[in-house]
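What follows draws every value from the coordinates through simple rules; no lab data is involved. Keep in mind that what you see is a predicted model, and the values were worked out from it rather than measured. All Cβ positions, glycine included, derive from the backbone under ideal geometry; neighbour counts span all protein chains shown.
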Amino acid sequence: RVRVRGVSIHRPFIYGNTATVLTPRERDASTSPDHTHRWTVAVRSAASAPDADVVGGADDLSYFIKRVTFKLHDTYTNPSRNIDKPPFELTETGWGEFEIQIRITFVPESGEKAIAFYHHLKLHPWTLSGEPEIPPLDVAMKMGPVHAWQYDEIVFHDPYQNFLTLLTAH
Ligand code: SLL
């Protein structure tokens, strides 16, 4: 296995979440009536829109990502959730915001170590410039989905020749 010295190759991606307020009907039907929101946390190609309605499709990072692990707050059962195929996303319901640890494992032929970082799950539509209080649920519901997305780039330094070939073929 040969490393290509002096070469860095990057892949842009976005990570983050969308969240919506559960309707009273959904809350009544739920086994967890204290849950107020449904949210989706995801790792997506930066080529596709960070839009809750756009799922999967051309957004396939699986040629170099083997697994995305979303580590949730300990209040969730089995908080460590592995997603092994695209779309690399997880939908849950809950009542609170917390830090989600996102761990990306690369395909074995990459020879790359996994990377991990955090995303703060955002449920509430407040901003620093706005009201100091979190808007009540009925108001938040009218405001529509909350989005919290971050752009970043995964950089591979001195990649193995076969991995570089794989990356550039996409
Ligand atoms: C808080 N730092 O104390 C936050 C923690 C945890 C949110 C929020 C659990 C759902 C469930 C859930 O929404 N946890 O237990 O099913 O406010």
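Once the Cα-Cα distance is subtracted from the 0.36 nm per residue extended length, the Gln150 to His120 segment shows a gain of 9.8 nm. The trypsin sites (Lys or Arg not before Pro) of the stretch 62-120 meeting both criteria, a DSSP state outside H, G, I, E and B (loop) and at most 11 other C-beta atoms within 10 angstrom of the site's C-beta, are Lys113.
Taking a spot 7 Å from the Cα of Leu137 along the direction of its beta carbon, which residues of the stretch 71-101 have an amide N less than 11 Å from it? Answer for the stretch 71-101: 94-95. For the stretch 80-170, GluC sites (Glu not before Pro) are listed when DSSP marks them as loop and at most 13 other Cβ atoms sit within 10 Å of their Cβ; the list is Glu133. For Asn162 and Thr91, the difference between the fully extended length at 0.36 nm per residue and the C-alpha to C-alpha distance is 22.1 nm. Between Ser30 and Tyr63, the modelled labels are 3.9 nm apart [label points 7 Å from Cα along Cα→Cβ].
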